[in-house]
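Take a look at the structure set out below.
The values are calculated or read from the model by the stated rules, or taken from the named source; none is laboratory data. Here the structure is a predicted model, which is why all the values come from computation and not from measurement. FYI the Cβ positions are ideal-geometry reconstructions off the backbone, even for glycines, and counts take in every protein chain you see.
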Amino acid sequence: MCAYQEAGGTDMKTKNQSPRPALPRTPMTVERGVALIEALVALLIMAFGMVALAGIQSTMRRGSDQALQRGEALRLAQGEMETLRDYSVLSAEAAASGPAGTRAYAGVVSAAASSAGGNTDFSVTRSVADWADPVVGQEQQQAGLREVRVRVQWQDRAGNEQFVMLDSFIARADPALGASLGLPASTSATRRPAERSVSIPVAAKDLGNGTSVFVPSPTATVAWVFNNMTGVITGRCTVAMGTLNSSLTAADVAGCSNNTVGYLLSGVVKFSSAARPDPAQPGGTAWPLDVGIVNSTLNGAISAPVHQCFDDAPTSAANTMAFVSFNCFVEPNNGTPRIWSGRLELSGLNLGGGADAKKVCRYSADYDGNGSVSNSEHPENYNAVSGSLSRQNFLVINATASCPAGAAINPENGVFVNNSTVQQQPR
């Protein structure tokens, strides 16, 4: 038998079946390895991030370390500075004779030390020098002011040198004077008004323009104008005798302001007739006298300056005055700084012989303990005075008595004023 086949040549078994479409052939090599590259890129990015994070952590640790070390260094520097300030006596001898651990101002000197703290060692160095005034170019040894620099140095974690430094001044002030802060306010004439130099007399009237005016005596025909900040006399005016300080105004002295330069020299004279005078409470009455400045007896000192002194001394010995006040205008030279030298003396007293012979003692001592009597401490001869001086006091006693030695300041025994005296006249 012959098989039947249509003209298209299609097998009868497949006549009713649709042809299957051919699938495109994609090369396998195109996709092969893409996932591996993506993984490697991600790993590389993460590696960079980890390295950056490690660097940040290292920087943070170093910064934290430096902050810790800097704080410790600052603590050491501040502690060293406060230790230097924590003195209770002035001289090394007083410290040696005091309780263990007593510190003296004399111990404020240059030194070096070391200290361990945290994860490093610190080197502590202090430099101490007497302060030199940049204005006048003179060491302020009389004022007892020292310039202190404390430097703390160390090495950080990276081996770099680091340091902190503190600068300050330490004044030579007797800590015993701090006891006076516990005393009630005084109403005596020794108080000075605020906002003015302490050398300006308390009776001077503040004119409200940075100056004060003062008539030095009830019989004076002159008024002095002071600079409130410096205490320097910058003007001399003529006034009628008996003019009161309270009656003067800025307009009254406007025409004579800034017509001179002068320094005030002021104080009181006390009196005692006792065989053993008490310098704290002399108890005597005033004698007629005059105050003046004469040539200094120091070798090479300049001549006595031009001056004008006023006092309120009585005209006779029959009076009830306990003391005499005096005020002197002293004209310095024209140098830089402007200075004067001389010797302050009392006249009009019997300093020779006889029953009424007198002796003049001056209240004077090395109050600040620097080993010398400075101009402000009332020396026998003033030398190179460059400012106003107050509290230059005297004690007049009988010639047969001796100038009392007085007592040094001793707050524990209630002594807050040094009343030591030294003979001034006759020489």
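Regarding Asn393, is this residue at pLDDT below 95 and either farther than 30 Å from Ala106 by Cα or not hydrophobic (A, V, I, L, M, F, W, C) (or both)? Working first, answer last.
Details: at pLDDT below 95: no; either farther than 30 Å from Ala106 by Cα or not hydrophobic (A, V, I, L, M, F, W, C) (or both): yes.
No, not satisfied.
Restricting to region 319-376, count the residues that are of a type in the set (Ser, Thr, Tyr), more than 18 Å from Pro288 (Cβ to Cβ) and surrounded by 14 or more Cβ atoms within 10 Å (Cβ to Cβ).
6
Filter region 396-424 for residues that are in a strand (DSSP E or B) and under 21 Å from Asp366 (Cβ atoms) and give the result.
Once the filter is applied, which keeps residues that are in a strand (DSSP E or B) and under 21 Å from Asp366 (Cβ atoms), region 396-424 yields Asn410, Val415, Thr421, Val422, Gln423, Gln424.
Looking at (1) in the same structural domain as Ala399 (by TED's automatic domain parsing); (2) modelled with pLDDT of 90 or more, which is the one condition that is false for Leu298?
For Leu298, the failing item is (2).
Tell me, which strands (runs of 3 or more DSSP E) lie completely within region 45-160 with 1 or more residues that are at pLDDT below 85 and closer than 22 Å to Ala171 by Cα?
145-155
Taking the conditions exactly as written (over 18 Å from Ser325 (Cβ atoms), in contact with an Asp or Glu (Cβ under 7 Å, 6 or more places away or on another chain) and hydroxyl-bearing (Ser, Thr, Tyr)), does Tyr382 satisfy them or not?
Details: over 18 Å from Ser325 (Cβ atoms): yes; in contact with an Asp or Glu (Cβ under 7 Å, 6 or more places away or on another chain): no; hydroxyl-bearing (Ser, Thr, Tyr): yes.
So Tyr382 fails the test.
Given the options Gly267, Gly284, name the one that is assigned to a strand (DSSP E or B) and not polar (S, T, N, Q).
Exactly one residue qualifies, and that residue is Gly267.
Restricting region 229-248 to residues that are among the β-branched types (Val, Ile, Thr) and out of contact with any Leu (no Cβ under 7 Å at 6 or more places or on another chain), which is surrounded by the most Cβ atoms within 10 Å (Cβ to Cβ)?
Val232
Here is a list: Val373, Val360, Val396, Val422. Which entry is in the same structural domain as Cys309 (by TED's automatic domain parsing), closer than 17 Å to Ser341 by Cβ and among the β-branched types (Val, Ile, Thr)?
Val373
Can you go through Ala254, Ala220, Ala240 and tell me which one is outside the structural domain of Asp312 (by TED's automatic domain parsing) and within 36 Å of the chain's Cα centre (by Cα)?
So the residue among Ala254, Ala220, Ala240 that is outside the structural domain of Asp312 (by TED's automatic domain parsing) and within 36 Å of the chain's Cα centre (by Cα) is Ala254.
Pull up region 287-306, narrow it to residues that are without any contact (Cβ under 8 Å) to a residue 40 or more places away in the chain and not aliphatic (A, V, I, L, M), then point me to the one that is nearest to Cys237 (Cα to Cα).
My answer is Pro305.
I need the full set of residues from region 226-249 which are outside any strand (DSSP E or B) and closer than 10 Å to Val261 by Cα, in order please. Steps first, please.
Step one: list which residues in region 226-249 are outside any strand (DSSP E or B), which gives 228-232, 239-249.
Matches in region 226-249: Val232 only.
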